[in-house]
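The values are calculated or read from the model by the stated rules, or taken from the named source; none is laboratory data. Predicted model only: the values in this text are computed from it and were never measured. So basically every Cβ, Gly included, is an ideal-geometry build from the backbone, and we count neighbours across all protein chains shown. Note: accessible area is taken over every heavy atom of the protein model, side chains too, but ligands, DNA and RNA are not part of it. Shrake-Rupley method; radii C 1.70, N 1.55, O 1.52, S 1.80 Å.
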Amino acid sequence: MQNIFFQKFTDFENETFLKTNVEALTFSETIHKVDSLANHYIKLGFNKGDRIAILSENSSAFTFNFLALWRIGAIAVPINTRWPEQQISSNLNKLEIKSILYSNKYKAIAEILKLGITAHKMAISNESEIPQKITDENEDATIIFTSGSTSKPKAALHTFNNHFYNALGSN
């Protein structure tokens, strides 16, 4: 069964998904990039249920990598880049992170924070084969840290359905 989120990529394949100062990508073009990355991460040993931290500025690369993790059923853990290194390290230790994906801008921090886990630069792979791992919409999708306004940030686990229906409700 196809995850309802990724089914929308087929439903709107010729519509614009992402527009930057440099390019505009359709849903179809985006899913091709996402599938390419998903295959790359499968080859690196990322699996369904693995918790993968992402240390990156907001960018199209962040979006593609985030979706690629979802595509293989890994749990994406975006890290607030404004946090001090000690807080990032503490939060990563609590969550049993398998690996960190980082952008060029945060390479030095990712290398310092390894904590016995692998760090990989976010990249676009040239493979076009579609990954065979399909996720269920009730499976875990992300761990997002709260703002910590009343104390320290807490990790909140979300499913694909949480994100999908939240997006539907925002219309």
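Candidates are the residues of region 117-137 that are open to solvent by 50 Å² or more (accessible area, probe 1.4 Å) and at pLDDT 75 or above; the one that is nearest to I100 (Cα to Cα) is T118. If the condition is being charged (D, E, K, R) and over 18 Å from F46 (Cα atoms), then region 82-119 contributes R82, E85, K94, K105, K107, E111. For region 141-156, filtered to residues that are free of Cβ contacts under 8 Å to residues at least 40 places away in the same chain and either among the acidic types (D, E) or surrounded by 12 or more Cβ atoms within 10 Å (Cβ to Cβ) (or both), the residue that is farthest from D50 (Cα to Cα) is G148.
Helices (runs of 4 or more DSSP H) fully within region 1-112 that include at least 1 residues being open to solvent by 70 Å² or more (accessible area, probe 1.4 Å): 4-11, 27-43, 85-94, 107-112. Might you check whether a residue that is in contact with a Phe, Trp or Tyr (Cβ under 7 Å, 6 or more places away or on another chain) and over 23 Å from L37 (Cβ atoms) occurs anywhere in region 76-88? There is no residue in region 76-88 that is in contact with a Phe, Trp or Tyr (Cβ under 7 Å, 6 or more places away or on another chain) and over 23 Å from L37 (Cβ atoms).
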